[in-house]
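S.K.: My questions will all concern the structure given below.
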Amino acid sequence: MDASVKRAATRKRPSKTQDNLVYAAVWLACLAPLVWLAWRGFSGDLGANPIEALIRQIGVWGLRLLLVGLAITPAARILKKPRLVRFRRTIGLFAFSYICLHLLTYIGVDLFFDWGQLWKDILKRPFITLGMAGFVLLVPLAVTSTNGWVVRLGRATWQRLHWLIYLIVPLGVAHYYLLVKADRRPPLVYAAILAVLLGWRVWDAWRRRVRS
Amino acid sequence: MLIRHAPDLTDKDVTDRSLYLRRREFIGGAAGLGLLAAAGTASARGLAYKPGFSTTEPKTSKKDITSYNNFYEFGVNKEDPSENAGSLKTRPWTVRVDGECEKPASFGIDDLIKGQRLEERIYRMRCVEGWSMVIPWVGFPLRDLIAQVQPTSKAKFVAFETLMRPSEMPGQRWDTLQWPYREGLRIDEATHPLTILAVGLYGDVLPNQNGAPLRLVVPWKYGFKGAKSIVRVSLVEKQPATAWNVLAPREYGFYSNVNPAVDHPRWSQATERRIGEFRRRETLPFNGYGQYVADLYRGMDLKRDF
């Protein structure tokens, strides 16, 4: 084998240890906000209304991780680092975990399992309707996130199912936007980031069509 | 010996425990009503209410009252006012009282306070966002100040205006609300003995983040009706514009009486979380002050005039 090809091959495929280290770093980064929130909670640093602060913060981190997940494909293409794509599943599942925790805190701590109230909230409050819809749509994506499910569904079907994320993340942003009382700047920042990430995909698809 | 209930006594005849616990208020109220009959004056009516003014519920900690605030002039986050309000200079401070009255006047804040009989009022405060506190205010009835300027018969409403000073109020650099913050009450609400202008908290001078040096407290309405850092009180004939109503008329009405039966379009108002407590509690009509103020709204559709 040619030496340069060999070098390229070794460069492209990092050792198992290196790979594990990178994964560990991604895990730690995804867990850090939760650890930070838990620590603030225990040390009484979440303010006078810690329950609301916790629900909000966990939800915001769920949304952030969804956006990070959406940013991976464009980043991999732009930076020419295709192997970045392998983190999509990890980050997506962490986003799902945060959102589950967000929902659990709302139902278990805020509503104290008042299912009647939950149902009323879902029907009457648009921001909860949208948030709930986003969560429900996210469940099949989390369930089918394993390699086994990719095989079972077939690559194309699996791909189409996971396009749901293009609906779910806007639902998440809308959920945030609708609950804000007056200062719409923070949710609009998320909306702008989302618009860029989705816009890039439209532009990319259009460019490919023109080329082919 | 077996004691039987008389067959004509049912559960209905048992005094409701909450009423029983309030028995002293009725005794006080009855004495006051006697005074009212004798004197027939508004101030006697005030005395009648006095025994029920302060709640005996546990007070929210001073730390929570002074660090969890909605005061958008200093930022939209709860911790912003306590972090940013230090820059506000509350002296010198002038309050203009004008409009439909015989003797409009400008008061230096210290003169204004000196002229009033201050008292402690421990009130529940219910925020429109679904949380509540119990706050020991120090203040005086707004009606005393209004009486000083001698309102005319055209004074149907009272409008309040908060200081506009973006250099010291960083939140005013953004148009989150229409600045300066405006609030308003109907004249009978404003002269109700429960309505006070607060100048202190926990027996001390009012901290800036709570609306120093002078703020409105109307305990049966959502907290945002309590205009902070007031520079102007105007007696007016027409219902004045109010900041939150201008921003979102469907969500924040002019009256904004605490009402568990009328939800905010985006969340339920049926329950609230008392700061410091874990479980939500039921929200009471008029924030539990219905016995004093429900009469003001007799005949009104509170779902429409929310």
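Taken together, the values in this text are just the output of simple stated rules run on the coordinates, not laboratory data. Treat the numbers as computed from the prediction; the structure is a model and nothing was measured. In this analysis, Cβ positions are derived from the backbone assuming ideal geometry, glycine residues included, and neighbour counts consider all displayed protein chains.
S.K.: Neighbour counts of other C-beta atoms within 10 Å: give me A:HIS162, A:HIS175 arranged from fewest to most.
M.R.: Least crowded to most crowded, the residues run A:HIS162, A:HIS175.
S.K.: Compute the Cα gyration tensor for the stretch B:53-297, then decide on rounded, prolate or oblate, letting a ≥ b ≥ c be the square roots of its eigenvalues: rounded whenever a/c is under 1.5, prolate when a/b is larger than b/c in the other cases, and oblate in all that remain.
M.R.: In terms of gyration-tensor shape, rounded.
S.K.: So, one more: What does the charge count around B:LEU201 come to, taking other residues whose C-beta lies under 15 Å from its C-beta (Lys +1, Arg +1, Asp -1, Glu -1)?
M.R.: Overall, the nearby charge balance is +3.
S.K.: Name the residue farthest towards the positive end of the dipole of the stretch B:53-297 from the options B:PHE160, B:TRP267, B:THR55, assuming +1 on Cβ of Lys and Arg, -1 on Cβ of Asp and Glu, about the Cα centre.
M.R.: B:TRP267
S.K.: Hey, another quick one. Show me, for the stretch B:164-171, the HN-Hα J-couplings you get by feeding each phi into the Karplus relation (A = 6.51, B = -1.76, C = 1.60, θ = phi - 60°), rounded to Hz, glycine and proline as x.
M.R.: Running phi through 6.51 cos²θ - 1.76 cosθ + 1.60 with θ = phi - 60° gives 10, 7, x, 5, 10, 10, x, x Hz.
S.K.: Arrange A:ILE91, A:ILE107 by Cβ neighbour counts within 10 Å, fewest through most, would you?
M.R.: So the ranking, lowest neighbour count to highest, is A:ILE107, A:ILE91.
S.K.: Another question, then. What list of ³J(HN,Hα) values in whole Hz, one per residue of the stretch B:260-275 in order, does the Karplus curve 6.51 cos²θ - 1.76 cosθ + 1.60 (θ = phi - 60°) give from phi, with Gly and Pro shown as x?
M.R.: The phi angles translate into x, 8, 10, 6, 5, x, 9, 7, 6, 9, 5, 10, 8, 9, 5, 4 Hz.
S.K.: Determine, for the stretch B:53-297, the count of lysine pairs separated by eight or more sequence positions (or lying on different chains) whose alpha-carbon distance falls under 20 Å.
M.R.: 21
S.K.: Given H placed 1.01 Å from N in the peptide plane, which residues other than close sequence neighbours of B:LYS78 have an amide H under 5 Å from its amide H?
M.R.: Long-range HN contacts for B:LYS78: none found.
S.K.: A further question follows. Pull up all non-local amide H partners of B:TRP131: gap of 5 or more, or a different chain, and H-to-H distance under 5 Å with H placed in the peptide plane.
M.R.: The answer is B:ARG273.
S.K.: Could you tally the net charge around B:THR90, taking each other residue with its Cβ under 12 Å from the Cβ of B:THR90, Lys/Arg +1 and Asp/Glu -1?
M.R.: +3
S.K.: Size of the dipole of the stretch B:53-297 about the Cα centre, Lys and Arg at +1 and Asp and Glu at -1 on the beta carbon, nothing else charged, in debye to 20?
M.R.: With Lys and Arg at +1 and Asp and Glu at -1, about 140 debye.
S.K.: What is the local net charge at A:LEU141, summed over the other residues whose Cβ is closer than 15 Å to its Cβ (Lys, Arg +1; Asp, Glu -1)?
M.R.: +4
S.K.: Considering amide H positions built from the backbone, and no H for Pro or chain starts, which residues 5 or more places from B:LEU201, or on another chain, come under 5 Å of its amide H?
M.R.: B:VAL138, B:LEU206
S.K.: With an 8 Å cut-off on Cα pairs and a minimum separation of 6 or more residues, tell me the relative contact order of the stretch A:51-211 in percent.
M.R.: The normalised contact order for the stretch A:51-211 reaches 24 percent.
S.K.: What list of ³J(HN,Hα) couplings, whole Hz, do you get for the stretch A:193-204 from phi and the Karplus terms 6.51, -1.76, 1.60, once you set θ to phi - 60° and write x for glycine and proline?
M.R.: 4, 4, 4, 5, 5, 6, x, 4, 5, 5, 4, 5
S.K.: If you don't mind, another one. Classify the stretch B:170-217 from the C-alpha gyration tensor, please: rounded if a/c falls under 1.5, else prolate or oblate depending on whether a/b exceeds b/c.
M.R.: In terms of gyration-tensor shape, oblate.
S.K.: If you don't mind, another one. Given axes a ≥ b ≥ c from the Cα gyration tensor, I'd like to know whether the stretch B:103-224 is rounded (a/c under 1.5), prolate (a/b larger than b/c) or oblate.
M.R.: Rounded is the answer for the stretch B:103-224, as its axis ratio a/c remains below 1.5.
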